[in-house]
Amino acid sequence: MYTEAPARPPHGEQPPGLLARVADLAVRRRRAVVAGWIAVLVAVVALGTLAGGTYHVDYATPGSESKAASDTLAASFGGRSDDTVDVVWRAQAGATTPAVQARVDRVLARAEQLPGLTRGAAVADAELAPDGRTGVVRVPLDRLPDSVPVSTGEALAELAHDASGTGLQVAVAGGINGLTTENESASELVGIAVAVLVLLLTFGGMVAAGLPLLTALFGIGVSAMLGGLLAAVLDTPDWAAQVAIMIGLGVGIDYALLILTRYRAATDAGRDAHSAVIEAMTTAGRSVLVAGATVVVSLLGLFLMGLPYLYGVALASSIAVLVVLAASLTLLPALIAFAGPRVDSLRIPGSRRRSVAPVDVDATPAARWARAVQRRPLTAAVLSVVVLLAMTLPVAGMRFGFPDAGNDPSGSTTRTAYDLLAGGFGPGANGPLLAVASVGGEPAGGATKLAALRRELRADPDVAGVGRVVLDARQSTALLVVTPKTSPQDERTKQLIDRLRDGPLASAGLPVDLGGQTAATVDQGEVTAQRLPLFIGAVIGLSFLLLLAAFRAPVIALKAGAMNLLSIGAAYGVVALVAEGGWAGQLVGIDSDLPVPPFIPVMMFAILFGLSMDYEVFLMSRIKEERERSGDAASAVVLGVARTAKVITAAAAIMVAVFAAFALSPEVFLKLIGIGLATAILVDATIVRMILVPAVMALLGERSWWTPRWLDRLVPNVALEAPATAGR
C-alpha cells in the first residue's frame with residue numbers, strides 16, 4: 001500500500017478554491033477520511049436496523065374525488081378500504097351448489113384470518129354471473145394494499161390452488177403483493193458485473209477499476225440505509241429503494257470514473273500524486289459537482305407534481321446522489337492517495353500499459369470525427385434531429401394508466417381471476433366503481449334519492465349493473481357498486497366516469513363521490529397532465545440557471561436544455577414502443593399492450609434531465625477550458641471531444657448497463673424506467689454529444705459563448721474548471 005506523503009504545495013500555501021482544499025485535506029488525512037466513512041456506514045447501518053421503517057404508500061391523489069370516496073369509506077365502514085381482494089370461482093355444475101359453496105366458504109373462512117383482510121365474507125354475499133356458473137366475493141382490505149404482508153398474498157394464492165379441481169376453478173385477484181410468483185431479479189448485480197468489465201477495459205488494471213466501484217458501492221450502502229430511515233418518517237413506495245440504487249450506482253461510478261481519469265491524465269503530464277489529485281478535483285471534480293447538483297434539482301422538482309408517493313422517491317434518489325457525490329469528492333481522493341503509483345497495478349492480461357509519452361490528441365479518431373462533423377455541420381445537425389424525432393414518434397400511441405391483472409402472466413392466479421370475471425360478468429367487473437353518498441340526518445329522504453340515483457346509473461348505456469345500496473352502521477353513508485361494461489383500461493370507461501360525475505351524481509341531491517381504483521387512475525392522470533407544464537418549466541428553468549452560472553453563456557445553457565429534451569423525447573418513444581408488447585416488448589418480457597403509469601414519464605423527465613447534464617457539463621467544461629487556453633472556438637470543440645470521448649463512452653456504457661439491467665426486474669414499473677433511462681443515456685452519449693453538439697457548436701461558432709454585459713454583471717462568477725495548463 002502506498003503510504004508516502006505526497007508533496008505539499010510550495011511554501012506551505014493552501015491550494016486555492018474549496019474543492020482544492022477538500023482534495024488537499026483528503027490526501028493528507030486519508031486515513032481519517034476513510035475511517036470516517038467507515039464509521040458513517042457502521043452508524044447508519046446500526047441506526048437503520050433499529051429505526052428503519054417499512055416501505056408503504058398511498059397512491060391516491062390528494063384533493064381528488066376518488067380520494068374523498070376512499071376517506072369516507074374508511075371513516076364510515078370501520079376502516080374499510082376501497083381496495084379489495086376478489087375471490088373468483090367457476091363451477092360447471094353451478095357456482096352455488098352445496099358442494100361448491102362449502103369448498104369456497106372454507107377458502108373464505110381461512111382467508112379472513114390473514115392480516116389485511118376484513119372478516120365476514122361468505123358465498124351468501126357473492127355476486128353471480130348471469131349463467132350462474134361464476135361467482136365472486138370481494139373482500140375489502142383493512143389497510144392500504146402496500147401494507148398488506150406478502151405472506152397474505154402467498155397464502156391466498158395457495159388456498160385458491162388447493163381448492164381448485166374436480167369441476168371447480170378458484171382464483172384470487174387484488175393489488176397486494178405475493179399473489180403472483182415472480183422470479184426475483186438480481187438486476188443490480190448484472191449492472192455491476194457489466195460496469196466492472198467496462199472499468200477493466202478502460203483502465204486495464206484491477207486497482208484503477210476497483211476505485212470507482214468501491215466509491216460508488218460505499219455511497220450506495222450509506223444511502224440505502226438512510227432510505228430506510230426516510231421510510232420511517234415519510235410514506236415511500238418499496239420500488240423507491242431500487243430506483244435510488246439504480247441512479248446512485250450509475251452516477252456514483254460515473255463521477256468517480258471522470259475524476260480518476262483526469263487524475264491519471266495529470267500524472268501522465270508529470271504531476272506528482274498530490275498535485276494530480278488537486279487538479280482532478282478542481283477540473284473534473286467541479287464538473288461532477290455541477291452535474292450532481294443538477295440531478296438533485298431535477299429530482300426535487302417532483303415535489304411540484306403534488307403526488308405524495310413521489311416525495312419519497314424524490315428524496316430517496318436525491319439522498320443517493322448526494323451521498324455518492326460526497327464520496328466521489330472526499331473518499332475517492334483518499335483512496336487514490338492510498339494507491340499512489342500503484343493505481344495502475346494488477347493489470348489484466350492482454351491490456352496495454354499506459355504510455356506517459358505525449359499524445360497527439362489532434363490526431364486521435366475522436367478528433368478526426370469531430371472535424372468531419374464540423375465540415376458538414378448543417379447536414380449532421382439535421383440528420384441527428386431527424387433520427388431523434390423519428391425515435392420520438394411512438395409517443396403518439398402511448399396510453400396512460402396502470403397495468404392491471406389482465407397484463408399479468410398467463411397461468412397466474414391474478415390473470416386467471418381476471419379472465420374468469422371478464423368471461424362471467426364482462427370486462428368491467430375487473431374495475432368496479434364505488435359511488436359513496438353521504439345521507440346525513442335524513443335516512444328516509446336519502447333512501448328515496450338513493451333509489452332514484454340507482455335507477456339513473458343503471459340507465460347509462462355503458463353501465464353493466466349497479467349493486468344494492470349498502471348503508472353503514474349509523475345509516476349516514478351509502479355505498480353503491482357500479483360495474484362498467486368496458487375494461488378498466490378502456491377509454492370508454494374513462495368517458496363513463498366523467499359522464500357519471502357530471503350527470504347523475506352531480507344531480508343526485510346528495511353529496512356523492514365516485515371512487516374505486518379505476519376512478520383513482522383517471523384522477524391521477526388528469527392531475528399529472530395539469531401539473532406537468534409547471535414541473536417541466538421549473539426543472540428546465542432551474543437547470544438553465546445552474547448552467548448559466550457554470551458557463552456564463554446563455555446560448556450554451558439553452559442549447560443544453562434543447563438537446564436534453566430531444567434525448568428525453570427519444571426515450572419516451574422507446575418506452576411507448578416497448579409498452580405496446582410487440583417485438584420490442586417481448587425482448588424484455590412484456591407480451592401484452594400495457595398502459596404506461598402516469599408517474600413514469602414524470603419520473604423519467606426528472607431523472608433524465610439531470611443525468612443528461614452529466615455529459616453535457618463534462619464535455620462543455622473541457623471545450624471551455626480549451627477555448628480559454630487557445631482562443632479558438634472551433635479547435636476547442638475538436639480537442640474537447642477528443643479528450644473526453646473515451647471517458648464519456650466508458651461512463652455511458654456503465655450507466656446504460658446499470659439501467660438496462662433493470663429490464664430484468666419482474667416489476668413492470670422498473671422495467672419501463674430502466675429501459676427509458678438506458679435509451680436516453682445511450683442517445684445522449686452518441687447522437688447528441690458526438691454529433692449534434694459538435695455540429696451546433698460549429699454552426700454557432702464564437703457566438704456560442706456570447707453573454708450580454710448586463711447578464712455578465714448579474715451572474716455570479718462560478719468557474720467550472722481551474723485555469724487550463726499547457727500539456728494537459
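The values are calculated or read from the model by the stated rules, or taken from the named source; none is laboratory data. Just so it is clear, the structure is predicted and the values come from calculations on it, not from any experiment. Virtual Cβ from ideal backbone geometry, glycine too; neighbours counted across all protein chains shown.
Residues that are out of contact with any Leu (no Cβ under 9 Å at 6 or more places or on another chain), assigned to a helix (DSSP H, G or I) and among the small types (Gly, Ala, Ser) within region 654-696 comprise 678, 685, listed in sequence order.
Answer yes or no: is there a residue in region 282-305 that is closer than 30 Å to residue 59 by Cβ, part of a loop (DSSP other than H, G, I, E, B) and of a type outside the set (Ser, Thr, Tyr). No: zero hits. Quick check on region 250-260. Is at least one of its residues out of contact with any Phe, Trp or Tyr (no Cβ under 6 Å at 6 or more places or on another chain), modelled with pLDDT of 85 or more, part of a helix (DSSP H, G or I) and farther than 28 Å from residue 661 by Cβ? Within region 250-260 (the criterion being out of contact with any Phe, Trp or Tyr (no Cβ under 6 Å at 6 or more places or on another chain), modelled with pLDDT of 85 or more, part of a helix (DSSP H, G or I) and farther than 28 Å from residue 661 by Cβ), the answer is no, since none of the residues qualifies. Checked against the criterion of being surrounded by 20 or more Cβ atoms within 10 Å (Cβ to Cβ) and closer than 22 Å to residue 517 by Cα, the candidates 91, 95, 126 yield just one match: 126.
Among the residues in region 80-89, are any modelled with pLDDT of 85 or more and of a type in the set (Lys, Arg)? Checked region 80-89: no residue is modelled with pLDDT of 85 or more and of a type in the set (Lys, Arg). Does region 118-129 include one or more residues that are over 16 Å from residue 170 (Cα atoms) and of a type in the set (Val, Ile, Thr)? The answer is yes; a qualifying residue exists. Restricting attention to region 389-443, the residues that are in a helix (DSSP H, G or I), within 13 Å of residue 488 (Cβ to Cβ) and within 23 Å of the chain's Cα centre (by Cα) total 2.
Here are 204, 210: which of them is at pLDDT below 85, out of contact with any His (no Cβ under 8 Å at 6 or more places or on another chain), over 25 Å from residue 546 (Cα atoms) and surrounded by fewer than 22 Cβ atoms within 10 Å (Cβ to Cβ)?
On the way: 210 fails: at pLDDT below 85.
None of the others qualify; the one that does is 204.
When 148, 136, 107 are checked against the criterion of being touching an Asp or Glu at 6+ places or on another chain (Cβ under 7 Å) and crowded, with 18+ Cβ neighbours inside 10 Å, a single residue qualifies: 136.
Could you grab me the full set of residues in region 41-55 that are buried (at least 18 other Cβ atoms within 10 Å of the Cβ) and either touching a strand residue (DSSP E or B) at 6+ places or on another chain (Cβ under 6 Å) or not in a helix (DSSP H, G or I) (or both)?
Of region 41-55, the ones buried (at least 18 other Cβ atoms within 10 Å of the Cβ) are 44, 48, 52, 55.
Hits for region 41-55 are 52, 55.
Of all residues in region 696-713, those that are closer than 19 Å to residue 371 by Cα have Cβ atoms under 7 Å from Cβ atoms of residues that are surrounded by fewer than 20 Cβ atoms within 10 Å (Cβ to Cβ) and not hydrophobic (A, V, I, L, M, F, W, C), 6 or more apart or on another chain, in 698/374; 698/377; 699/377.
Kindly provide the set of residues from region 664-689 that are surrounded by fewer than 23 Cβ atoms within 10 Å (Cβ to Cβ), farther than 20 Å from residue 244 by Cβ and touching a helix residue (DSSP H, G or I) at 6+ places or on another chain (Cβ under 7 Å), ordered by number. Passing the criteria: 682, 687. Kindly indicate whether any position in region 146-156 is in contact (Cβ under 8 Å) with a residue 24 or more places away in the chain, touching a His at 6+ places or on another chain (Cβ under 9 Å) and part of a helix (DSSP H, G or I). Looking for residues that are in contact (Cβ under 8 Å) with a residue 24 or more places away in the chain, touching a His at 6+ places or on another chain (Cβ under 9 Å) and part of a helix (DSSP H, G or I), one finds at least one in region 146-156, hence yes.
Among the β-branched types (Val, Ile, Thr), surrounded by 15 or more Cβ atoms within 10 Å (Cβ to Cβ) and out of contact with any helix residue (DSSP H, G or I) (no Cβ under 8 Å at 6 or more places or on another chain) - does that describe any residue in region 447-468? So far as region 447-468 goes, no, none of its residues is among the β-branched types (Val, Ile, Thr), surrounded by 15 or more Cβ atoms within 10 Å (Cβ to Cβ) and out of contact with any helix residue (DSSP H, G or I) (no Cβ under 8 Å at 6 or more places or on another chain).
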